[in-house]
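The values are calculated or read from the model by the stated rules, or taken from the named source; none is laboratory data. For clarity, every value in this text was computed on a predicted model and none was experimentally measured. Using ideal geometry, Cβ is built from the backbone for each residue, glycine included, and neighbour counts are taken over all protein chains shown. Just the protein is used for accessible areas: all its heavy atoms, side chains included, with ligands, DNA and RNA removed. Shrake-Rupley method; radii C 1.70, N 1.55, O 1.52, S 1.80 Å.
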Amino acid sequence: MTSHPLFDISGRTALVTGSSRGIGLALARGLSEAGCRVVLNGRDGERLTKAASELPGDVHTAAFDVTDGASVRAGIAEVEERVGPLDILVNNAGMQLRAPLLEFADADWHRILDTNLTSAFLVGREAARRMTGRGHGKIINICSLQSEVVRPGIAPYAATKGALKMLTKGMCADWGPYGVQVNGLGPGYIETELTRPLVDDEEFSAWVRRRTPAGRWGRTEDLVGGVLFLASPAADFVSGQVLYVDGGMTSVL
């Protein structure tokens, strides 16, 4: 198999946060299959070890809490010392809490904000300290269809993902002059372990298929190509953008 050299990322080191399952694990698999040295991140060391055993190539794990600044600083330093300088960071860690906004608890608000937004700031900042000094790097923030649109019951989630879109642009503005490109990937409705209850809801699934020009739920593998592009030299003049992989949902009423 041949490919254009602009898309060659073999030999690069990539860290994917929240990658013990679901979208994060699929993105890590894609990067590994593309020849990257991949570091899986999460808080559960045993789950990370199991996930790593299922991936091909040179795969490592790093268990640290992406919502805690001290843990992030120590974790990134340890990864770079043990595995090598990071070329690619995928900020994928995230969660969903569904409830009517009038009933949304204060603690849940702070939890979803820390997980979906603060983590990207903390890990992105720590990785960028090193990337900017080396003069190159790729940061990909996993945004969402809900960075643009929202439906009832998920306002806090949409707030975090909308803010992550603007954080992506801000990172681009600050770090672009130092050779670091920062972009977002915006999944639509993707079938995963966490969305299984929605997939199994016949009425909701029918709504997703009607609203999506592609006529189906997305699969985790649908997201891999976008990450590989944004991580590659082909995207060296692409920064501050969000690439929506949503089957066309954001484009139609």
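Take the residues in region 127-146 that are surrounded by fewer than 21 Cβ atoms within 10 Å (Cβ to Cβ) and not hydrophobic (A, V, I, L, M, F, W, C), then tell me which one is nearest to V242 (Cα to Cα).
The residue in question is H136.
For region 234-241, indicate whether the set of residues that are in a helix (DSSP H, G or I) and in contact (Cβ under 8 Å) with a residue 60 or more places away in the chain is non-empty. First the steps, then the outcome.
Taking region 234-241 first, the residues in a helix (DSSP H, G or I) are 234-235.
Among the residues that remain, those that are also in contact (Cβ under 8 Å) with a residue 60 or more places away in the chain are: 234-235.
Within region 234-241, one or more residues are in a helix (DSSP H, G or I) and in contact (Cβ under 8 Å) with a residue 60 or more places away in the chain.
Which of the residues belonging to region 85-124 are part of a loop (DSSP other than H, G, I, E, B) and open to solvent by less than 10 Å² (accessible area, probe 1.4 Å)?
L86
Going through region 147-203 one residue at a time, which ones are open to solvent by less than 10 Å² (accessible area, probe 1.4 Å) and in a loop (DSSP other than H, G, I, E, B)?
Passing the criteria: only I154.
Restricted to region 211-251, and to residues that are among the hydroxyl-bearing types (S, T, Y) and open to solvent by 40 Å² or more (accessible area, probe 1.4 Å), which residue is nearest to G186 (Cα to Cα)?
Only one residue tops the list, namely Y244.
Looking at G225, G240, G176, G170 in this structure, which one is in contact with a strand residue (DSSP E or B) (Cβ under 9 Å, 6 or more places away or on another chain) and within 15 Å of I23 (Cβ to Cβ)?
Just a single option satisfies the conditions, and that option is G225.
Please enumerate the residues belonging to region 125-146 that are of a type in the set (V, I, T) and outside any helix (DSSP H, G or I).
Taking region 125-146 as the starting set, the residues that turn out to be of a type in the set (V, I, T) are 132, 139-140, 142.
Hits for region 125-146 are I139, I140, I142.
Does A206 fit the bill of being assigned to a helix (DSSP H, G or I) and either touching a residue at least 12 places away in the same chain (Cβ under 8 Å) or open to solvent by 50 Å² or more (accessible area, probe 1.4 Å) (or both)?
No; evaluated as a whole, the condition is false for this residue.
What pairs can you find where one residue is in region 35-64 and on the phi > 0 side of the Ramachandran plot, the other is basic (K, R), and their Cβ atoms are less than 8 Å apart, with a gap of 6+ or different chains?
These pairs meet every condition: G35/R12; G57/R37.
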